[in-house]
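Enquirer: The structure is given below, and queries will be raised subsequently.
Read the figures in this text as sums done on the coordinates, not as results from a lab. Just so it is clear, the structure is predicted and the values come from calculations on it, not from any experiment. All Cβ positions, even for glycine, are placed from backbone atoms using ideal geometry, and neighbour counts span all protein chains on display.
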Amino acid sequence: MKTEMLAMILAGGRGTRLMELTEKAAKPAVHFGGKYRIIDFPLSNCANSKIKYVGVLTQYESIVLNSYVSQSSFWGLDGRDKGTFVLNPREKVTGFSLYMGTADAIYQNIDFMDQYEPKYVLILSGDHIYKMDYDHMLDFHKQNNADLTIAGLTVTLEEASRFGIMNTNKDYSIYEFEEKPPVPKNNLASMGIYIFNYDVLKKALIEDAPRKDSAHDFGKNIIPNLLNEGKRLFAYPFAGYWKDVGTIDSLWQAHMDLLAQGDPLKLDDDNWKIYTEDIPTTPQFIGPNACLKGSSINQGCIIDGTVTNSVLFRDVVIEKGAEIINSVIMPESIVKKGAKVKNCIVKEKQLILENEVIGSDDKVELFTSREVK
Amino acid sequence: MKTEMLAMILAGGRGTRLMELTEKAAKPAVHFGGKYRIIDFPLSNCANSKIKYVGVLTQYESIVLNSYVSQSSFWGLDGRDKGTFVLNPREKVTGFSLYMGTADAIYQNIDFMDQYEPKYVLILSGDHIYKMDYDHMLDFHKQNNADLTIAGLTVTLEEASRFGIMNTNKDYSIYEFEEKPPVPKNNLASMGIYIFNYDVLKKALIEDAPRKDSAHDFGKNIIPNLLNEGKRLFAYPFAGYWKDVGTIDSLWQAHMDLLAQGDPLKLDDDNWKIYTEDIPTTPQFIGPNACLKGSSINQGCIIDGTVTNSVLFRDVVIEKGAEIINSVIMPESIVKKGAKVKNCIVKEKQLILENEVIGSDDKVELFTSREVK
Amino acid sequence: MRDILGIVNFENEKVRVEGLSNFRSIPAISFLGRYRVVDFVLSNMANSGIDHMKVLIRDKPRSLIEHIGIGSHYNINSKSGSLQILYSDRNITNKLYFTDVNLLNQHSSYIKHSNQDYVVIAPSYMICKINYQDVVEQHIKTGADVTAVYKQIDDGHKRFIGCEEFDIINNRVTVIKDSHGSTSVKNISLETYVMHKDFLLDLIDEASHQSAAYSIASFLANNDNIKYINIQGYKYEGYLACINSLEEYYQTNIDLINYEKAKEIFSHDWPVYTKTNDSPPAHYTQRAEVKNCMVANGCVVQGKIENCILGRAVKIKKGAVVKNSVILPNAIIGEDAVVENAVIDKGAKIIVNKEIIGSKEQIAYVRRGDTI
Amino acid sequence: MRDILGIVNFENEKVRVEGLSNFRSIPAISFLGRYRVVDFVLSNMANSGIDHMKVLIRDKPRSLIEHIGIGSHYNINSKSGSLQILYSDRNITNKLYFTDVNLLNQHSSYIKHSNQDYVVIAPSYMICKINYQDVVEQHIKTGADVTAVYKQIDDGHKRFIGCEEFDIINNRVTVIKDSHGSTSVKNISLETYVMHKDFLLDLIDEASHQSAAYSIASFLANNDNIKYINIQGYKYEGYLACINSLEEYYQTNIDLINYEKAKEIFSHDWPVYTKTNDSPPAHYTQRAEVKNCMVANGCVVQGKIENCILGRAVKIKKGAVVKNSVILPNAIIGEDAVVENAVIDKGAKIIVNKEIIGSKEQIAYVRRGDTI
């Protein structure tokens, strides 16, 4: 059971800004990219980085997410010395409590981590879209003889105040960490991806846990405390595509990025596949009246209408004369004859009636109001 | 995801009477039979009965149990249309609470069960040792056009007051159910194995949930209520070996039964295997000074001493001159030269020193006091 | 639901899909973009609740073994079920003597020791959608020795040539003969047989004593045998195709582009399973023109395609025009290339500006991995 | 840790384990009770962090394919790794021409397109415990063309006869020749080679041009070739056995009953993986007498066993006495039977009172499934 680096994914987010999409599913289970769920990205990154054990910390209404994550074979994380493990809050001798913050969630699972005697623990967020080789990040961490390495993304200065900002020296060592600073000194933002030496992490969590004034949060408490203690913190600069899809607008925008930027995530790369559930479907049928432009379409779709700049998930039906523009249609939705869908995200299993028109020119809409019977 | 009969295993028991054996593991994860864990029995029964989806409801300190149960491949319950699912209490829109009773635990997972649109739900306990074909029980349930079928075991009249007792007509229809009656009228005991029509179960749970005076327990509340409502309840008579291993004495006795009764559980039956984790070990080595009588010994053991009427789990070492009598030695324990162990259960990874004598003639002892370094 | 042993048979020695079958066995040939031919019979078995299967292989086992694996994508669990590949341990140089009877005889102990009472034997190269449980139920009810599945067709003068046809009197199969295309209406054999396990073992034993060249089909067809064996017909009404030549392979692919036709074999309650590859969804660029196609995941279409089947990860480059063609996985059609009435084998590259033009009568074929 | 491609080679055509290898290929032979011979090389690869493997098979593929499956019990994950079985698609009737070079040549595209730079080729029938990462590291450091693993032995007059031996000067292998048992101290080849993938591809190409009968070993051994190829030796110090005859098979089994000896290949940080069967623990009744044995799960011992290896689910009935013997899985030794110095093949039954007595010089052998 011994492993060098254990991964822990924080996947508890209720994702209230994604509204009805997360009604019965936690945010990391939301569909993305025509075929995937958001959490497929960190999980596939783990699998491709040769990480063997992944704990997924969930809390809110997470039947869909729990069932999904526990199927470790989806990402090739099944087998004798591998696994994904769902970590809900549990009753203990000391009583029971929900996860109170990101650090508390990890703290409550020290017993889980101890099982694997890890030298390093990788902490990730379950709701970001990107590809990253955590093994390279670990090499960087080791080379710097660091206690904690934080992946950092260069953002615009306007955006910077929404993030934890890392002020670093030339060698990427961090001398200051400011959580959501009103006046950022820098635009190197924490991606919420941490590699800790496990002994350092464990000690920090145990010390933080009883503090009444702590929010038990990595950005607000643990990281500043470690800096105060003089620990070696480094920023690991990341350059690829990265997106937090926490709102309907950003979820839609990420899909448009996929189409416009010509596969910025390199989903087509055989050496770094994004793995997901394999659901048996029919093939993809394109009918005699179809017109497809600038779109990504998954298997099981039956298309006889016009689809422009859109992403269609599994088993979507677009009937003759229907028109889909700049939209995202989630699995098993049906768009009837002559209907028009523009700038929309259509939730799974929705029915758009004949000649119905949804969406508008000036904003992104979420359609969730009519389930297929 | 549609399935005819879904299984739900109640595995929340802290098993306090098993003392230190359950310190870090819930009772269903306790080792049994030289190779297995207790929960392997209901899970293997499910797999052999061709049940596809199994929810396992856990609560207390269940890292070991959760990690174990989530490895559905151990029991051949992995794959496209199968699965084991760990069901901890979760936060919901309505708030959060622990499981308050057996019925409440099932009630809190109605959303999980709904996913599979089951016609029947099989409810099991995670800590009983037996083999049963639940598919035969389902046939019986269907033939009787029952709303609820309860598996029943004939116990002695003295034992009867420890159980839920079913008073039945000739056709096994139940006209009265008494939970732990001081003066039992009968000795047909409920084994805590239920097949419900799902619609009946769901309605009963929803009605019971808000009742302040209810213990939210199947035996105390749900079953009597259904009888009052005039539902069709039947007892399914079971004849094979069955053991509740809730105490150190009964756990020890069950192991002695295995040895004395010549495989009462038919562990050797290729058509109804008890599946378990496959841990790579060395072969079993029997040395030149060994003497083995009436014992079951698992792979990985290295034996050069005397073993009589005992069960040895994986990777146990019995050195030359050591003597093991009427005992159960759990995985990776080491018994040094000349030591003597009698009437004991030795927890996993324990060290018995050279010439140490543990155990006595007149009672069963649990040894947990010295871990192998 | 009965516990049935499924046996997937290989095609007889006359069957040959010109070109494609030089590189792999017929069951392993790519079909309808994302599938292999063998997926259909294995999915029929899986959907019929069969979880013990034997797959007979005659030659070129590698690609089939890799595709099938241990059967997990056909819902065969390694603990509760099994998929066993049976291959000859003997060197048989004369194909005539490499029969199903011969192979089953070599491995008869696996049949004998299986827990199932009834056996369904079905070939890999017939494309249909059938619940074998129904055939077994009829078999038990009629008390037949063998139940043989057939379909009554009315285009026998042009299709199913080289298959077997049945004469049937009062539901009993009285004559089994080769179909030569002389008549239109006939009963085509699906080469699918249900029998009791013990009957199969006796049949194998008897057939191999009578002649070393007997197959199950030819043994049953023999005039002396058919008199004594009660073969009952099971009438199959659904879609049927037989992949026994390049023309039939091509035509079946093209016919099934039509969704109304394809619905006869594809439905959500009867999935066709296959080994998947985690490819991203198909992507169509702004310049794509697509009509009447079946497209697998991983494809990138920048050109024009019409009446085509595209296998996984096929690339159609800018300006390319592909019509009435079957493109196997990983093939690349270069810029401004023109492909018509062709079968382009796996991984082939059609270079810039090249024209590959076949006709309905003479399908063009480009070999695996070739660059043209 | 480097990403290495592992190739498991078959034995050369001279190797034969009398009796046992009539029924299955040598890698598939039951070994030390719960294992198959091939488990050792595959576990060495798995423990060396190799998760892409090719297994070359010459003949009788069925039992090996079933045992290996898709490699999941060797920790090969179907998404991140692969285990591919390479079998000849051609009919080669003359065993002399069925060489590893020939087979690799047929499938060279799989080597060419693999992502790994370095290749380790190791035979299935050598039992040892070796970390191939160390060999690759030495290979890179020395800049050799080929690194060949050997062990210096001092009992060469009686063991490893028929293996190859090396002459080594300044760590370079200068001569490769057959070992005939004339001297005691010699360098025995483990037939384990590390080379760059490109070098292997060139070697295959060159060897198959020079002669259709060349194997990798015989090509390297050729006097003209060895002059130009820089073959560096890697000295292996651990346990080594070679299963190339019934005597060696028997003796290796018996030798490893001794735990002190067995520790050289078994340790908890270097597990030997195998396909398991969910058998219950071994059971010894009140009348059992057991000394110096290695016993697999599922066994029931009611009689007396001494210096024996018992495979899975072997039954030793009351009064039976079994000494110095290797009993393969599922065999049954009947009441009061006596077995000494014997190899009892899988599923054989020795009936009540029967005596099977061999000697150290002439091991008795009872065939698979026989009842005697």
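Enquirer: Given that compact globular proteins tend to follow 2.2 N^0.38 Å, what is the ratio of the alpha-carbon Rg of region A:221-373 to that value? Don't jump to the answer; show the numbers that get you there.
Expert: Numbers: Rg = 19.4 Å, N = 153, 2.2 N^0.38 = 14.9 Å.
Here the answer is 1.30, to two decimals.
Enquirer: Shifting gears a bit: What is the set of long-range amide H partners of A:GLU356 at a cut-off below 5 Å, with H atoms built 1.01 Å from backbone N?
Expert: Under 5 Å from the amide H of A:GLU356: A:ALA339, A:LYS340.
Enquirer: Okay, next question. Report the calculated FRET efficiency for C:GLN152 and C:SER211 (r = Cβ-Cβ distance, R0 = 45 Å), to the nearest 0.05. Walk me through the numbers before you get to the answer.
Expert: Numbers: r = 31 Å, r/R0 = 0.69.
So, using R0 = 45 Å, E works out to roughly 0.90.
Enquirer: On to the next question. I'd like the mean, over residues of A:29-41, of how many other protein chain beta carbons sit within 10 Å of each residue's own Cβ. Present the calculation step by step, with values, prior to reporting the outcome.
Expert: Numbers: counts 0, 0, 0, 0, 2, 5, 5, 3, 0, 0, 0, 1, 0.
So the per-residue partner count for this stretch is 1.
Enquirer: Along Cα→Cβ at 7 Å, what distances in nm separate the D:GLU18 label point from those on the other copies, shortest first?
Expert: Reported distances to equivalent positions: 5.6 nm.
Enquirer: I would also like to ask the following. What does the extension gain come out to for D:SER267 and D:GLU361, with contour length at 0.36 nm per residue minus their alpha carbon separation?
Expert: Values: separation 94, 0.36 × 94 = 33.84 nm, distance 3.21 nm.
Difference between extended and current length: 30.6 nm.
Enquirer: Angle between the Cα long axis of helix A:248-260 and the longest principal axis of chain A, 0 to 90 degrees, nearest 10?
Expert: Roughly 70 degrees, rounded to the nearest 10.
Enquirer: Size of the dipole of chain C about the Cα centre, Lys and Arg at +1 and Asp and Glu at -1 on the beta carbon, nothing else charged, in debye to 20? Intermediate values should be presented prior to the final figure.
Expert: Values: 42 positive and 43 negative charges, 239 e Å.
Result for chain C is approximately 1140 debye, rounded to the nearest 20.
Enquirer: Rounded if a/c is under 1.5, else prolate if a/b is larger than b/c, else oblate: which is region D:18-155, with a ≥ b ≥ c the root eigenvalues of its Cα gyration tensor? Could you put the intermediate results ahead of the total?
Expert: On the way: a/c = 1.31, a/b = 1.20, b/c = 1.10.
It comes out rounded by the Cα gyration axes.
Enquirer: Next question. Distances in nm, one decimal, shortest first, from A:GLU117 to the same residue in every other copy, taking the label point 7 angstrom along Cα→Cβ.
Expert: Result, one decimal in nm: 5.0.
Enquirer: Once the label point is set 7 Å along the Cα-to-beta-carbon vector, what list of distances in nm do you get between A:LYS203 and its counterparts in the other copies?
Expert: The projected label point of A:LYS203 is separated from its counterparts by 6.3 nm.
Enquirer: Once you wrap a convex hull around the alpha carbon atoms of chain D, what is its projected area averaged over all directions, in nm²? Mind dumping the intermediate values first?
Expert: Values: hull surface 73.3 nm².
Mean projected area of the Cα convex hull: 18.3 nm².
Enquirer: Here are some pairs, D:LYS141/D:LYS261; A:LYS336/C:LYS263; A:LYS273/B:LYS50; B:LYS119/C:LYS275; which of them have Cα atoms lying more than 28 Å apart in this structure? Please list the in-between numbers first.
Expert: Values: D:LYS141/D:LYS261 33 Å; A:LYS336/C:LYS263 19 Å; A:LYS273/B:LYS50 34 Å; B:LYS119/C:LYS275 31 Å.
Correct reply: D:LYS141/D:LYS261; A:LYS273/B:LYS50; B:LYS119/C:LYS275.
Enquirer: Please tell me the relative contact order of chain D in percent, rounded to the nearest whole number, where contacts are Cα pairs under 8 Å and at least six residues apart.
Expert: Values: 865 pairs, mean separation 57.9, N = 372.
Averaging sequence separation for qualifying contacts and normalising by length gives 16 percent for chain D.
Enquirer: What is the extension gain from A:ASP263 to A:ASP171, computed as 0.36 nm multiplied by their sequence separation minus the C-alpha to C-alpha distance, in nm to one decimal? Don't jump to the answer; show the numbers that get you there.
Expert: Values: separation 92, 0.36 × 92 = 33.12 nm, distance 3.22 nm.
29.9 nm is the gain from fully extending A:ASP263 to A:ASP171.
Enquirer: Could you check the simple spin-label distance between A:LYS337 and B:ILE206, using points 7 Å along Cα→Cβ, in nm with one decimal?
Expert: Modelled inter-label distance: 3.9 nm.
Enquirer: May I pose another question? Calculate the tail of P(r) for region D:296-372: the fraction of all Cα-Cα distances greater than 21 Å, expressed in %.
Expert: On the way: 263 of 2926 pairs.
Cα-Cα pairs of region D:296-372 separated by over 21 Å account for 9 percent.
Enquirer: Hey, another quick one. Mind checking the mean number of beta-carbon atoms from other chains within 10 Å of the Cβ atoms in A:67-77? Can you show the working numbers first?
Expert: Values: counts 9, 0, 1, 9, 8, 6, 9, 2, 4, 6, 3.
Counting other chains' Cβ atoms within 10 Å and averaging over A:67-77 gives 5.
Enquirer: Hey, another quick one. For a quick protection proxy, order the peptides A:196-203, A:119-126 by their average other-Cβ count within 10 Å, most packed first.
Expert: Working: A:196-203: 19.4, A:119-126: 22.6.
Final packing ranking: A:119-126, A:196-203.
Enquirer: With the cut-off at 1.5 for a/c, could you classify the protein assembly as shown from its C-alpha gyration tensor as rounded, prolate or oblate? List each step's numbers first, then the result.
Expert: Numbers: a/c = 1.18, a/b = 1.03, b/c = 1.15.
Rounded, because the longest to shortest axis ratio a/c is under 1.5.
Enquirer: Right, something else. Once you order the gyration tensor axes a ≥ b ≥ c over the Cα atoms, which shape class does region D:259-303 get: rounded for a/c under 1.5, otherwise prolate or oblate by comparing a/b with b/c? Please list the in-between numbers first.
Expert: Working: a/c = 3.92, a/b = 1.48, b/c = 2.65.
Oblate, since a/c reaches 1.5 and b/c is not below a/b.
Enquirer: Working from the alpha-carbon coordinates of region B:299-373, get Rg over Rh, Rh being the Kirkwood radius.
Expert: So for region B:299-373, dividing Rg by the Kirkwood Rh gives 0.91.
Enquirer: Axis carrying A onto B: which residue of A has the nearest Cβ, and how far, whole Å?
Expert: Its Cβ sits closest to the axis: A:ASN88, 2.
Enquirer: Quick one: order C:ASP145, C:ASP269, A:ASP104 by neighbouring beta-carbon count within 10 Å, fewest to most. Show your work: numbers first, answer last.
Expert: Numbers: C:ASP145 17, C:ASP269 6, A:ASP104 21.
By the 10 Å Cβ count, ascending: C:ASP269, C:ASP145, A:ASP104.
Enquirer: Rounded to the nearest 0.05, what FRET efficiency is calculated for C:ARG287 and A:TYR241 with R0 set to 22 Å and r the Cβ-Cβ distance?
Expert: That pair, C:ARG287 with A:TYR241, gives E of 0.40.
Enquirer: Go ahead and run the numbers for FRET between A:LYS320 and B:ASP135, Cβ-Cβ distance against an R0 of 45 Å, rounding to 0.05. Write out the running numbers ahead of the final one.
Expert: Details: r = 47 Å, r/R0 = 1.05.
The calculated FRET efficiency here is 0.40.
Enquirer: Quantify how much of the Cα-Cα distance distribution of region A:226-307 extends past 20 Å, in percent.
Expert: Details: 1977 of 3321 pairs.
So the pairs more than 20 Å apart make up 60 percent of the total in region A:226-307.
Enquirer: So how much slack lies between B:LYS50 and B:LYS142, counting 0.36 nm per residue of separation and subtracting their Cα-Cα distance, in nm? List each step's numbers first, then the result.
Expert: Values: separation 92, 0.36 × 92 = 33.12 nm, distance 1.67 nm.
Full extension from B:LYS50 to B:LYS142 adds 31.4 nm.
Enquirer: Could you please rank C:LYS315, A:LYS373, C:LYS197, placing first whichever residue has the fewest other Cβ atoms within 10 Å of its Cβ? All intermediate terms of the calculation are to be shown ahead of the outcome.
Expert: Details: C:LYS315 20, A:LYS373 5, C:LYS197 17.
The order, fewest Cβ neighbours first, is A:LYS373, C:LYS197, C:LYS315.
Enquirer: Based on DSSP H runs of at least 4 residues, each adding -39500 (n - 2.57), what is the mean residue ellipticity at 222 nm of the protein assembly as shown after dividing by all its residues, to the nearest 500 deg cm²/dmol? Please report the intermediate quantities before stating the final value.
Expert: Details: 38 runs with 304 residues, N = 1490.
Calculated at 222 nm, the ellipticity per residue is -5500 deg cm²/dmol.
Enquirer: Taking the number of other C-beta atoms within 10 Å as the exposure measure, put D:HIS268, C:HIS139 in order starting with the fewest. Display every interim value, and only then the final one.
Expert: Values: D:HIS268 11, C:HIS139 23.
Ranking D:HIS268, C:HIS139 by Cβ neighbours within 10 Å, fewest first, gives D:HIS268, C:HIS139.
Enquirer: About the Cα centre of chain B, how large is the charge dipole given +1 on each Lys and Arg Cβ and -1 on each Asp and Glu Cβ? Please answer in debye to the nearest 20.
Expert: Working: 42 positive and 50 negative charges, 43 e Å.
Magnitude of the dipole: close to 200 debye.
Enquirer: Next up: Provide a whole-number value for the mean count of partner chain Cβ atoms within 10 Å of the Cβ atoms in peptide D:271-280.
Expert: Details: counts 6, 4, 3, 2, 2, 5, 3, 15, 6, 16.
Mean partner-chain Cβ count within 10 Å for D:271-280: 6.
Enquirer: Just grab the label-to-label distance for A:LEU353 and D:ASP198, each label 7 Å out from Cα along the Cβ direction, in nm (one decimal).
Expert: About 6.8 nm, to one decimal.
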